[in-house]
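Asker: Pasting a structure below so you can have a look.
The numbers here are math on the coordinates, done by the rules we state, and not lab data. Since we're looking at a predicted model, the values are computed, not measured.
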Amino acid sequence: MAESGLAAGYQRSSPWPVFLALGLVLSEVGVFLAGVLLPVAVGGLLLLEVCIIGIFRESGYARTLSRPALGIGSLFTTAGLVLLAATTYWVRGVTVLAAGVLAVIGAIVCWLYETRRL
């Protein structure tokens, strides 16, 4: 009798969902305790961004790290600017903006590394 089940076709599981959830939790805890844990919120959002980039890379939607990092960093930067300009949630706006800018810087560093200029 043949073995049944979905697990027979998979070689390994992806670690990204666990870190994605951890990034969400850290970012919300950092925003909730705004003054003291603001760097934790930025770190949680960076972890979230890295997980999204890793999922794109693992699933084959991206061949490099620099392009999805630039796209996600630009998206987060724009969202942070909108939050700062249009709402009174300055803490959330600052954290999203900072994480977006750091992701764009990371995308530039990845591009320099991928093109062997670094």
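Asker: Quote to one decimal, in nm, the extra length available between Arg116 and Arg63 on full extension: 0.36 nm per residue of separation minus the C-alpha distance between them. Please report the intermediate quantities before stating the final value.
Answerer: On the way: separation 53, 0.36 × 53 = 19.08 nm, distance 1.59 nm.
Difference between extended and current length: 17.5 nm.
Asker: What relative contact order, as a whole-number percentage, does the chain give when Cα pairs under 8 Å and 6 or more residues apart are counted? Numbers along the way, then the final one.
Answerer: Numbers: 152 pairs, mean separation 26.2, N = 118.
Once normalised by length, the contact order is 22 percent.
Asker: Something else: Who wins for biggest fluctuation among Val104, Val18, Val29 in a Gaussian network model of the chain, springs between alpha carbons below 10 Å?
Answerer: Of the options given, Val18 has the highest mean-square fluctuation.
Asker: Next question. Helices from the chain with mean Kyte-Doolittle at least 1.6 and a Cα length along the axis of 27 Å or more, per DSSP H: which? Provide the component values of the computation, followed by the final result.
Answerer: Numbers: long enough: 38-59 (32 Å, 1.69); 66-86 (29 Å, 1.30); 90-114 (35 Å, 1.69).
Taking the DSSP H segments of the chain (at least 27 Å long, mean hydropathy at least 1.6), we get 38-59, 90-114.
Asker: 222 nm [θ] for the chain, helices only, -39500 (n - 2.57) per DSSP H run of 4+, per residue, to 500? Walk me through the intermediate numbers first.
Answerer: On the way: 4 runs with 85 residues, N = 118.
The per-residue figure over the chain is -25000 deg cm²/dmol.
Asker: Run through every distinct alpha carbon pair of region 36-102 and return the Kirkwood hydrodynamic radius in angstroms, one decimal place. All intermediate terms of the calculation are to be shown ahead of the outcome.
Answerer: On the way: mean 1/r = 0.0821 Å⁻¹.
The answer is 12.2 Å.
Asker: Of the listed values (1) 11.5; (2) 9.9; (3) 10.9, identify the label whose number matches mean projected area of the Cα convex hull in nm² calculated from this model.
Answerer: The value matching this structure is (2).
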